[in-house]
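Peer 1: Here's a structure for you.
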Amino acid sequence: MSTSTPSEIKADRPVTPQVLEASRPRKVRGREERGRAAALASHGILIVASLIALFPIAWLVYLSLGPDKDDYLHPGGIWDKMTLDNYSFVLQHTNFFDWLKSSLIVSLGTTVIGVFAAATTGYAVSRMRFPGYKKLMWVLLVTQMFPIAVLIVPMYQILVDLQLVDSYLGLVLVYCATAVPYSAWLLKGYFDTIPFEIDEAGRVDGLTPFGTFFRLILPLAKPGLAVAAFYNFITAFGEVAFASTFMLSDDKYTFAVGLQSFVSEHDAQRNLMAATAVLIAIPVSAFFYLVQKNLVTGLTAGGTKG
Amino acid sequence: MTVAIDRATGKRRGDRGPRPGLGQRLRRGYQKHWYAYAMIAPVAIVLGVLVLYPLVYGLYLTLTDANSLNTARTIGVNHIDATYKFIGLDNYADILWGDTAYDRFWSHFIWTIVWTAACVALHYGIGLGLALLLNQKLRGRTFYRLILILPWAVPTFVTVFGWRFMLADSGIINNFLGTLHLPQPSWLEDTFWQRFAAIMVNTWCGVPFMMVSLLGGLQSIDSSLYEAAEMDGANAWQRFRYVTLPGLRSVSSTVVLLGVIWTFNQFAIIFLLFGNTAPDAQILVTWAYYLGFGQQPRDFAQSAAYGILLLAILIVFTSFYRRWLNRNDQQLAI
């Protein structure tokens with residue numbers, strides 16, 4: 001409007017809103033005023049996407065109700081003979097609770113060690129500049145992209161030498177190597193959001209740097225710590241390659257390995273496998289939904305602050 | 001105090017006051033940094049012992065002919081010493097140029113590149129589309145969001161088995177295709193369809209992360225920018241092209257890099273979907289694992305050499321990516 005005067009606006013005619021409206025080159029549809037069709041299309045796409053996201057899991061749940069191991073081939077038959085027998089069988093006659101124990105030991109061990117190591121480092125790189133800072137950040141970044149293939153062979157050899165193959169400790173140590181660098185990034189991002197004035201106030205009041213960290217920053221960083229802990233937990237819980245290689249006796253399998261053991265070359269107990277899968281998935285995904293909002297914020301906060 | 005806490009900028013604030021003497025500076029330097037080092041000590045130890053040492057040891061293994069028959073092992077009470085020997089760079093030469101190098105390395109290499117590019121493109125494209133849909137005022141969008149992140153919430157090793165049931169020869173997918181009188185590929189046996197299935201499953205698993213990250217990015221774009229664009233008469237496509245995409249750039253560059261790294265290293269999906277039955281659908285990571293642990297005798301040296309090559313590829317890619325971003329005045333977030 002400021003640069004060119006539309007031809008409809010003449011000096012001899014009064015400028016009314018109608019004239020201005022008519023003089024606009026075209027109607028631009030705003031973001032808020034979408035047509036009905038657009039809203040319907042959005043809903044349609046989202047519903048299809050939701051169905052795709054939901055279906056494989058719903059299918060797994062449905063199959064877990066079928067009593068026979070080949071029911072997945074004729075799923076229509078399951079409707080008539082739905083039963084929870086698979087679940088009671090899995091809970092009573094398989095190593096389910098052994099696997100649960102292994103998974104919890106390994107995951108919680110990784111979480112505790114990983115979060116502790118990552119928290120101090122995250123704080124150090126968030127607040128302090130010291131010779132070697134850049135190198136440390138670079139190492140943390142590169143470690144995140146280590147393919148498992150780089151470490152798995154030497155780790156295996158080292159664990160054999162130390163006789164730590166098939167022990168929880170060995171697996172926890174291996175997982176720490178993969179989980180700690182990322183947690184440190186995550187926590188650095190969170191510590192960056194805590195005002196520096198708090199540290200300064202603590203120092204002025206006579207706290208040592210460690211005192212500042214343990215008494216002031218750690219309590220404030222609880223949400224961030226929870227996110228890092230959760231990240232470590234699901235990383236360790238869902239890891240497949242190391243667990244499949246390093247755990248040899250079937251009462252020490254984690255869930256990721258135990259679930260594979262239902263399908264061997266000779267026999268495939270798919271109904272039991274589906275039931276076990278559902279039993280694993282329910283608590284983990286419930287937990288996930290509780291913390292997912294923080295997880296995402298943590299991921300992007302750690303991501304957007306260099 | 002401001003000396004110790006540098007506000008994460010790496011630059012000191014304000015004047016530093018008069019320059020102290022040498023002895024005092026040394027003491028200050030020590031006072032300033034000793035607790036920083038003490039605090040990174042746990043990670044330094046963890047990384048040194050659990051990453052650096054295995055890496056160096058692995059590098060050494062790649063220069064030998066170690067396999068499960070000549071490494072040190074304990075059978076019952078008998079301890080057998082290692083007998084493998086140093087053979088220089090022969091492993092690398094054999095992988096890259098040796099006989100049948102194409103079948104063993106290059107075909108997997110090409111497939112890995114295709115796999116990574118296809119998966120990341122699909123993740124990003126679908127993720128962005130869904131994020132845009134979820135970013136509008138829409139009834140029930142919280143509900144959609146909760147359902148759409150379900151593939152991320154359930155552990156991968158669980159969902160892959162769900163897919164295996166669906167993709168089986170007379171599983172639900174082929175039954176469905178059959179009722180539509182479409183061809184029913186054998187998803188888990190035929191190489192092309194194995195690859196197709198792997199990309200499909202990985203896309204299904206990976207879209208939620210992209211969607212949620214990009215949604216976070218979209219919500220952080222200042223809405224006054226859109227208002228300004230509307231005032232200037234920009235249509236929907238122009239608003240997307242000139243406001244949304246630039247606003248997403250920093251999130252995008254980070255999640256694309258993470259996506260490339262994760263997809264390139266994706267082990268669980270292919271390993272669990274096919275096991276050892278699909279030599280041609282193995283990407284380099286799973287192939288290296290197969291060489292080291294999936295066959296007898298286990299070829300540790302070659303497997304470790306594949307690992308080192310993979311790491312080299314990733315590091316080269318990342319440095320180029322960073323340089324490319326820097327050229328475009330882009331700061332990589334991580």
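Peer 1: Say each of B:Gln184 and A:Leu218 gets a label point 7 Å from the Cα, pointing the same way as Cα to Cβ; how far apart are those two points in nm?
Peer 2: Between B:Gln184 and A:Leu218, the label points sit 6.0 nm apart.
Peer 1: Which distance in nm do the two modelled labels at A:Leu162 and B:Trp97 give, with both placed 7 Å along the Cα-to-Cβ direction?
Peer 2: About 3.9 nm, to one decimal.
Peer 1: For the protein assembly as shown, what is Rg from Cα atoms divided by 2.2 N^0.38 Å, rounded to two decimals?
Peer 2: 1.10
Peer 1: When N is the residue count of region A:37-83, what does its C-alpha Rg come to as a fraction of 2.2 N^0.38 Å?
Peer 2: In units of the 2.2 N^0.38 Å rule of thumb, it is 1.61.
Peer 1: Among A:Gly66, A:Ala41, A:Leu140, which residue has its Cα positioned farthest towards the positive end of the charge dipole of region A:28-141, with +1 placed on the Cβ of Lys and Arg, -1 on the Cβ of Asp and Glu, and the dipole taken about the Cα centre?
Peer 2: Towards the positive end, the residue furthest out is A:Leu140.
Peer 1: Quick one: B:His108, A:His93, fewest Cβ neighbours within 10 Å first, how do they rank?
Peer 2: A:His93, B:His108
Peer 1: At 0.692 mPa s and 37 °C, plugging the Kirkwood radius over alpha-carbon pairs of region B:97-327 into Stokes-Einstein gives what diffusion coefficient in µm²/s?
Peer 2: Estimated via Stokes-Einstein, D reaches 164 µm²/s.
Peer 1: How big is the dipole moment of the protein assembly as shown about its Cα centre under a simple scheme where the beta carbon of each Lys and Arg is +1, that of each Asp and Glu is -1, and everything else is neutral? Debye, nearest 20, please.
Peer 2: Dipole magnitude for the protein assembly as shown comes out near 3280 debye.
Peer 1: From the gyration tensor of the Cα coordinates in region B:82-187, what semi-axes in whole Å does the equivalent ellipsoid have, largest first, with each one equal to sqrt(5λ)?
Peer 2: So the three semi-axes of region B:82-187 are 41, 23, 16 Å.
Peer 1: Placing unit charges on C-beta atoms (Lys and Arg positive, Asp and Glu negative, everything else neutral), compute the dipole magnitude of region A:84-174 about its Cα centre in debye, rounded to 20.
Peer 2: With only Lys, Arg, Asp and Glu charged at Cβ, the dipole is about 740 debye.
Peer 1: Sort largest first and round to whole Å: the equivalent ellipsoid semi-axes of region B:45-140, each the square root of five times a Cα gyration tensor eigenvalue.
Peer 2: In descending order the semi-axes read 45, 22, 13 Å.
Peer 1: Moving to a separate point now. Any idea what log10 I(q)/I(0) is at q = 0.13 Å⁻¹ for region B:205-334, Debye with uniform C-alpha scatterers and no solvent?
Peer 2: The Cα Debye sum returns log10 ratios of -0.72.
Peer 1: On alpha carbon coordinates alone, what is the Rg over Rh value for region A:188-241, Rh being the Kirkwood radius?
Peer 2: 1.17
Peer 1: Counting Lys and Arg as +1 and Asp and Glu as -1, each charge on the Cβ, what is the dipole of region B:51-146 about the Cα centre in debye, to the nearest 20?
Peer 2: About 1040 debye.
Peer 1: While we're looking at this one, here's another question. Could you work out the percent of alpha carbon pairs in region A:94-304 separated by over 24 Å, rounded to a whole number?
Peer 2: 50 percent
Peer 1: Go ahead and estimate [θ] at 222 nm for chain B from helices alone: -39,500 (n - 2.57) per DSSP H run with n ≥ 4, summed, over the residue count, rounded to 500.
Peer 2: Computed mean residue ellipticity for chain B: -19500 deg cm²/dmol.
Peer 1: In region A:94-304, what is the count of Lys pairs whose alpha carbons are under 21 Å apart, counting only pairs at least 8 residues apart or on separate chains?
Peer 2: 6
Peer 1: Hey, another quick one. For the residues A:Glu239, A:Glu197, what sequence is obtained by ranking on other C-beta atoms within 10 Å, fewest first?
Peer 2: Exposure proxy ranking, most exposed first: A:Glu197, A:Glu239.
Peer 1: Then there's this: Farthest toward the dipole's positive end in region A:94-304, which of A:Val257, A:Pro283, A:Val112, given Cβ charges of +1 (Lys, Arg) and -1 (Asp, Glu) about the Cα centre?
Peer 2: Selected residue: A:Val112.
Peer 1: If neighbour count is taken as other Cβ atoms inside 10 Å, put A:Ser126, B:Ser68, A:Ser183 in order from fewest to most.
Peer 2: Least to most surrounded, the residues fall as B:Ser68, A:Ser126, A:Ser183.
Quick note: the coordinates plus some simple rules give every number you see, no bench work behind them. It should be emphasised that the depicted structure is a prediction, and the values quoted were computed from it without experimental measurement. As a convention, Cβ positions derive from the backbone with ideal geometry for all residues, glycine included, and neighbour counts pool all protein chains shown.
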